[in-house]
1. Can you give the net charge of the other residues whose Cβ lies under 13 Å from the Cβ of Lys218, counting K and R as +1 and D and E as -1?
2. Would you mind computing Rg(Cα) / (2.2 N^0.38 Å) for the chain, counting N as its residues?
3. Under a Cβ-only charge scheme (Lys and Arg +1, Asp and Glu -1), can you give me the dipole magnitude of the chain about the Cα centre, in debye to the nearest 20?
4. Using the crude model of +1 on Lys and Arg Cβ and -1 on Asp and Glu Cβ, and no other charge, please compute the dipole size for the range 121-264 relative to its Cα centre, in debye to 20.
5. Taking the chain as the reference, fit the longest principal axis to its C-alpha atoms, fit the long axis of helix 4-14 to the helix C-alpha atoms, and give the angle between the two in degrees, 0 to 90, nearest 10.
6. Each residue of the range 78-86 in turn: what ³J(HN,Hα) in whole Hz from Karplus with 6.51, -1.76, 1.60 and θ = phi - 60°, glycine and Pro shown as x?
7. His203's amide H: which non-local residues (gap 5+, or another chain) put their own amide H closer than 5 Å, with H modeled 1.01 Å from N in plane and none for Pro or chain starts?
8. From the backbone phi of the range 96-109, what are the Karplus-calculated ³J(HN,Hα) couplings (6.51 cos²θ - 1.76 cosθ + 1.60, θ = phi - 60°) in whole Hz, Gly and Pro given as x?
Amino acid sequence: MRSTGLFLALALLLGAAEPANDDGQNDLNPLQGSWTMVLCFVNGEEIPAVQVKTGELIVEDDEYRPKLGTATSSSTIKVDSSKTPKEIDFTYTSGPQKGKVVKGIYKIFGADLTVCRGLSEGDLRPTDFAAPEGSGRLLVVWKRSQTAGNERIKAIEQELKKFDATWRFVAIEIEGKKVPEKAFDNDTLTLKGKTFTSFVEGHTTHGVFKFDPTVKPKTIDLTFTDGPGKGKTQTGIYELEGDTQKICFAKLAQPRPTAFTTEPGNGQMIQILKREKP
């Protein structure tokens, strides 16, 4: 009989989440990166070019952080790219509208991102890309820029392609103790986009992850939407070379590991996985 302790340990490390939506309607990838403002209209009034030149935007995962001069704001975004026009919702995480949701639409053409949205919560979602006088709308056009932030996004995209596969566990060590191979000989981890599906001891779980390949050691974070770690984020470090990946995770609520080590009582686990060949 296989140990349920291994499953519980892996459940805390791999998490459990609602199955990911695979139809691409929530695809944030095309928005990722750094942008500079090209033009902006607010309720029919065009922002002067001298101000527009100060406009910058960074989109990282679901974080949307625009800046105009010294004014900044931040929100999380959710998109539905299956709609025509594509829909985008902003939930403010700072400023006077913190916690409020504003509805909008967006389109990407070449290097340009155009967004049209209401100015406050309760405004109807626009149906066209216009912000005439009295409309209560904002229309802004951004152009993709080449900045350090954008280079980081590119590095993440390149690494993401390396992750995209089904991986088989070949070694697991928890707090200094090696787990017998027979305990995970049928277990797999499938990574697609920024979602994962793990099959551990007959249990299938799903989740999302984000990582940063531009720091040393490279970092990886898992955020759980249900299961033992619901609402919490688990931190780790990783190495990815060819067909082998090595990940060291800390227990929930513990600091991110700084080295690939496991010792009795340190709450860390190392897992080594090999890419399955097609």
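Each value in this text was obtained by applying a stated rule to the coordinates, not by laboratory testing. Only a predicted model underlies this, so the values are computations on that prediction, with no experimental measurement involved. Please note: Cβ atoms are built from the backbone with ideal geometry, for glycine as well, and neighbour counts cover all protein chains shown.
1. Numbers: positive: Arg152, Lys162, Lys210, Lys216, Lys246, Arg256; negative: Glu159, Asp212, Asp221, Glu239, Glu241.
Charge balance near Lys218 sits at +1.
2. Numbers: Rg = 21.8 Å, N = 278, 2.2 N^0.38 = 18.7 Å.
In units of the globular-protein estimate, the chain measures up at 1.17.
3. 360
4. Details: 22 positive and 21 negative charges, 49 e Å.
Its charge dipole is roughly 240 debye.
5. 30
6. 9, 10, 10, 7, 7, 7, 10, x, 5
7. none
8. Result, rounded to whole Hz: x, 9, 3, x, 8, 10, 10, 9, x, 9, 8, 8, 10, 9.
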